[in-house]
């Protein structure tokens with residue numbers, strides 16, 4: 001009988017040992033598979049395999065350490081920390097393994113925690129970077145063509161990725177002594193889901209399509225082709241302004257306006273925009289507007305619209321020549337984007353490479369690269385590269401690189417990349433930017449400006465723009481000639 005119990009005991013030991021060996025073999029298979037995925041940088045599948053290995057063999061410290069390393073690679077420091085806490089609960093751990101965990105824990109605190117994991121997203125994402133030790137965080141962003149969109153940059157504000165494409169975000173930290181800690185990188189694929197609003201968007205591909213906007217100025221429109229409008233009558237008037245949305249998709253519209261009238265007139269692709277939006281559009285224009293008469297009149301000329309009321313213009317490029325002449329009792333205003341921005345309008349991320357000129361006989365003249373009159377509105381991150389000129393025989397002349405005059409206007413982080421700003425008249429206000437409620441972070445190539453003179457070489461350095469908060473992931477890029485251009 002005693003012999004029988006001994007045999008059963010030995011059999012149980014063998015069975016348990018065999019089960020342990022089987023579990024160890026199964027865990028080993030998962031570890032081997034995880035390492036294979038790590039070599040191909042398929043971190044998501046590696047994480048799945050490592051978690052399985054831990055579930056099969058929960059006392060294998062090697063699996064925990066490898067899982068922590070993998071979470072580090074994808075910037076998920078929170079999960080890496082939780083994995084270490086699980087490992088610390090293993091009973092009867094050797095001193096060597098305990099030291100490994102403590103060393104990994106100290107290392108973990110130096111790494112960057114990335115809020116959004118690698119993967120595919122159906123909408124724009126915002127990424128937050130943090131570090132437990134409050135070390136300085138740096139990052140770079142590349143696209144799938146290995147183009148560096150953002151060079152090595154100190155992290156200050158959250159990173160937004162809005163445009164479709166594949167992006168690689170690389171991060172690292174430096175401590176107070178300047179020591180650099182290993183890089184953490186993640187890959188994102190943005191594939192924006194089409195919204196319900198797109199179903200009601202009207203495709204525009206011909207001159208006739210553009211002209212039909214007049215019959216439905218509240219609609220949403222999207223350009224599908226470059227269009228040459230030839231001689232043009234602007235869309236939208238004071239009585240029936242454009243209130244809709246036009247998305248240019250980086251396409252070009254060409255037009256010319258040659259107008260001589262005794263009535264007030266707003267010249268541009270649009271005459272008057274009230275509450276509407278124009279974006280991602282390139283304009284080539286030749287405007288020659290003359291307004292004159294005995295009544296008090298207004299002559300407004302610009303590439304996008306003559307007058308902007310509570311509207312938005314973003315990511316637009318204007319080229320060509322814009323000339324406004326006021327005779328008799330007519331004011332004359334010429335702008336690259338609009339001649340007048342009022343009622344909380346916003347103009348952002350725009351470039352003007354047009355020559356902008358205004359002249360009048362008796363009444364005031366205004367000329368500026370973006371908007372000569374800025375009333376309770378804002379201009380942000382814009383570039384002016386064309387010639388700006390204004391003249392007047394009797395009245396006042398206001399000339400500015402970005403804007404010329406206004407009331408409670410705001411100009412921020414914009415650039416006057418021209419030295420050709422000039423004018424004459426009875427009284428002259430000549431400056432790159434003047435007379436506004438807020439005017440900060442703006443720079444100019446013209447010496448003598450009170451708003452931040454820079455050299456030509458500084459304008460060819462991306463750091464100049466990054467310090468001003470320009471977005472080189474979604475809005476801007478530096479071309480092969482080191483010139484800043486828009487991304488469409």
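The values are calculated or read from the model by the stated rules, or taken from the named source; none is laboratory data. Remember, predicted model here, so these are calculated numbers, not experimental data. Counting neighbours? That spans all protein chains shown, and the Cβs are built from the backbone with ideal geometry, glycine included.
Points to keep in mind about this one:
- Verdict on residue 300 being farther than 19 Å from residue 213 by Cβ and modelled with pLDDT of 95 or more: yes
- Residues of the range 310-330 classified as more than 17 Å from residue 347 (Cβ to Cβ) and surrounded by 24 or more Cβ atoms within 10 Å (Cβ to Cβ), total: 3
- Residue check, residue 459 touching a helix residue (DSSP H, G or I) at 6+ places or on another chain (Cβ under 8 Å), buried (at least 17 other Cβ atoms within 10 Å of the Cβ) and either at pLDDT below 85 or not assigned by TED's automatic domain parsing to the domain that holds residue 320 (or both): no
- Residues that are at pLDDT 95 or above, in a strand (DSSP E or B) and over 13 Å from residue 392 (Cβ atoms) within the range 317-338 comprise 317, 318, 319, 320, 321, 322, 323, 335, 338, listed in sequence order.
- Condition check for residue 284: in the same structural domain as residue 346 (by TED's automatic domain parsing) and closer than 25 Å to residue 356 by Cβ: yes
- Of the candidates 262, 279, the single residue that is in contact with a strand residue (DSSP E or B) (Cβ under 6 Å, 6 or more places away or on another chain) and more than 23 Å from residue 316 (Cα to Cα) is 262.
- Given (1) within 24 Å of the chain's Cα centre (by Cα); (2) farther than 19 Å from residue 476 by Cβ; (3) modelled with pLDDT of 75 or more; (4) assigned to a strand (DSSP E or B), index of the condition residue 439 fails: (3)
- Selection status of residue 307, surrounded by fewer than 22 Cβ atoms within 10 Å (Cβ to Cβ), assigned by TED's automatic domain parsing to the domain that holds residue 201 and in a strand (DSSP E or B): no
- Residue match in the range 157-166 (condition: in contact (Cβ under 8 Å) with a residue 24 or more places away in the chain, out of contact with any strand residue (DSSP E or B) (no Cβ under 9 Å at 6 or more places or on another chain) and not assigned by TED's automatic domain parsing to the domain that holds residue 467): yes
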